[in-house]
Amino acid sequence: MDRPLVVQKFGGSSVADADRIRRVARRIARERAAGCDLVVVVSAMGDTTDELLALAEAITDEPDARELDMLLATGEHQSATLVSMALHSLGAPAISLTGAQAGITTDGRYGRARIANVEPARIREELHRGNIVIVAGFQGQSAVAAGQAEITTLGRGGSDTTAVALAAALRADRCQIFTDVRGIYTADPRVVTTARQLPVIGYEEMLELAHQGAQVMQVRAVELAWVNDVVIEVLSSFEDAPGTVIREDPLVEQRNKVRGLAHDRNVAKVTVVAVPDRPGVARTLFDPLAAAGINVDMIVQNVGHGGATDLSFTVPRVELARAKKVLDPIVRELGARELTTDASVAKVSIVGAGLHNAPGYAARMFGTLADAGVNIEMISTSEVRITCMIAEAELSTALDALHGAFELAKPDPVDAAATGRAAG
Ligand code: ADP
Ligand code: ASP
Ligand code: MG
């Protein structure tokens, strides 16, 4: 019988230093001794990616996108080679590969490339030779004419996506994401102490949590898993404990309508004050932002007075300086009074697949925040979430209040049945 093929991914904190790398290697070697073929995706050690970014910024205000991706990709090269060496010292055969060597091609967008194709011939060959294959996460090679291929990175948190893409391409039997928490919780367990671990979560709800800031899984990884029907297990790399399974959730309709909370600090509010209230103004402001690749999210236009109105919207906080640079001349040209910004805001969301036909939930969210003394600055909704922008200083108060109000710490009776099914 064929040996089962398992794709495992270890995040940055799981390989943060030599001791942890040796521990990860022991875990991998144990799994192999149990009879599995293994493809292991690793992230850069600890905060390496942040440190490399800071180094580039110390050299220049505007690092060249190509060179930056070449630099960032080295973080994952380091950890892949070190994990491979640690396996060698345990007597286990292993080989490290870059994303390009592993057959991952991308659409070529620096810093936020999407995986276009995976051609895992080399991985299969190495498995056939008896090797454990260690793949550098977060990167691939652009699919352009020979001689012009470039190293591109997949956006922050992109090693999750490497793992899911490889699991899909290799038709792996399991895809396991090892991280520094036991699985997916009803809220970030580092911020909400009463957060409860979920045994199972559906793709749709996980995708929305990821979109709204739950960094435990990269958005693109969840999308790829959903499209390719890859069942993901999220597990702790530090303890042997049951994790969370991400998969199609047929019981979603029977559950608590709010499945979890997400929050996002990477947000800033921009207001164009007293801009002339006439057709075409929004386009004049938002077209150049889109051209610069800056995502505009929540948008509120106030009722106009005397031919002028205020227009507020959010951009990612890391893009605020760039957004200001793009907008300053336009605001002057439009004859608006001024452009103000606020980087001390945050978004808090309630997420649940059942929210679209549950009208009372928005009111309950707003009421809960009001009772907790938290002012709502902007609101946006989708089929499966309600999001409020608030002051960042009030984030923890808001999350605690919402977690209590929607009874998220209370076990969901449907989960017991679902766990039984997942195991069986
Ligand atoms: P890794 O380095 O393993 O990729 P990340 O830091 O990217 O790990 O993601 C894990 C972190 O995600 C956790 O430490 C936790 O603080 C955060 N997180 C946010 N929301 C959630 C959630 N709903 N469930 C679990 N973890 C969450
Ligand atoms: N090292 C990259 C990052 O910090 C990718 C990852 O960790 O998944 O974003
Ligand atoms: Mg991550």
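The values are calculated or read from the model by the stated rules, or taken from the named source; none is laboratory data. A quick note: this is a predicted structure, and the numbers were derived from the prediction, not measured. Ideal geometry is used to build each Cβ from the backbone, glycine not excepted, and the neighbour counts take in all protein chains shown.
It is to be established whether one or more residues within the range 148-171 are part of a loop (DSSP other than H, G, I, E, B) and without any contact (Cβ under 8 Å) to a residue 40 or more places away in the chain. Yes - at least one qualifying residue is present in the range 148-171. When the range 148-175 is limited to residues that are under 17 Å from the mean Cα position of the chain (by Cα) and among the charged types (D, E, K, R), the one that is farthest from ligand 2 (Cβ to nearest atom) turns out to be Asp160. Would you confirm whether any residue within the range 186-194 is part of a helix (DSSP H, G or I), surrounded by fewer than 22 Cβ atoms within 10 Å (Cβ to Cβ), out of contact with any Phe, Trp or Tyr (no Cβ under 9 Å at 6 or more places or on another chain) and of a type in the set (Asp, Glu)? Taking every residue of the range 186-194 in turn, none turns out to be part of a helix (DSSP H, G or I), surrounded by fewer than 22 Cβ atoms within 10 Å (Cβ to Cβ), out of contact with any Phe, Trp or Tyr (no Cβ under 9 Å at 6 or more places or on another chain) and of a type in the set (Asp, Glu).
Residue pairs whose Cβ atoms lie under 8 Å apart, sitting 6 or more positions apart in sequence or on different chains, and linking a residue in the range 202-230 that is over 14 Å from Gly352 (Cβ atoms) and modelled with pLDDT under 95 to a partner that is more than 15 Å from ligand 2 (Cβ to nearest atom) and not in a loop (DSSP other than H, G, I, E, B), do not occur here. On the given criteria, is Ile123 within 16 Å of ligand 2 (Cβ to nearest atom) and either under 22 Å from Gln215 (Cα atoms) or over 14 Å from the mean Cα position of the chain (by Cα) (or both)? No, not satisfied. May I ask you to verify whether Val345 is under 30 Å from Asp50 (Cα atoms) and either surrounded by 17 or more Cβ atoms within 10 Å (Cβ to Cβ) or at pLDDT below 95 (or both)? Considered against the rule, which asks whether it is under 30 Å from Asp50 (Cα atoms) and either surrounded by 17 or more Cβ atoms within 10 Å (Cβ to Cβ) or at pLDDT below 95 (or both), Val345 comes out as yes. Would you mention how many residues in the range 387-403 are over 19 Å from Asn266 (Cβ atoms) and either free of Cβ contacts under 8 Å to residues at least 60 places away in the same chain or not in a helix (DSSP H, G or I) (or both)? Here the count works out to 2. If you filter the range 215-264 down to residues that are polar (S, T, N, Q) and assigned to a helix (DSSP H, G or I), you find that the one that is farthest from Arg317 (Cα to Cα) is Gln254. Annotation for the range 253-265: at least one member residue is among the hydrophobic types (A, V, I, L, M, F, W, C), more than 14 Å from the chain's Cα centre (by Cα) and either away from ligand 2 (no atom under 16 Å from the Cβ) or surrounded by fewer than 22 Cβ atoms within 10 Å (Cβ to Cβ) (or both). Scanning the range 352-376 for residues being under 27 Å from the mean Cα position of the chain (by Cα), closer than 16 Å to Leu399 by Cα and either in a helix (DSSP H, G or I) or in contact (Cβ under 8 Å) with a residue 24 or more places away in the chain (or both) gives a total of 7. Candidates Thr48, Thr74: the one that is within 16 Å of ligand 1 (Cβ to nearest atom), touching a residue at least 12 places away in the same chain (Cβ under 8 Å) and either aromatic (Phe, Trp, Tyr) or surrounded by fewer than 23 Cβ atoms within 10 Å (Cβ to Cβ) (or both) is Thr48. In summary, strands (runs of 3 or more DSSP E) completely within the range 1-107 and bearing 2 or more residues that are closer than 21 Å to Gly130 by Cα occur at 5-10, 37-42, 94-97. Evaluated against (1) in contact (Cβ under 8 Å) with a residue 40 or more places away in the chain; (2) more than 25 Å from the chain's Cα centre (by Cα), Leu68 falls short on exactly one condition, (2). For the range 219-269, the set of residues classified as in contact with a Phe, Trp or Tyr (Cβ under 7 Å, 6 or more places away or on another chain) and aromatic (Phe, Trp, Tyr) consists of Trp226 only.
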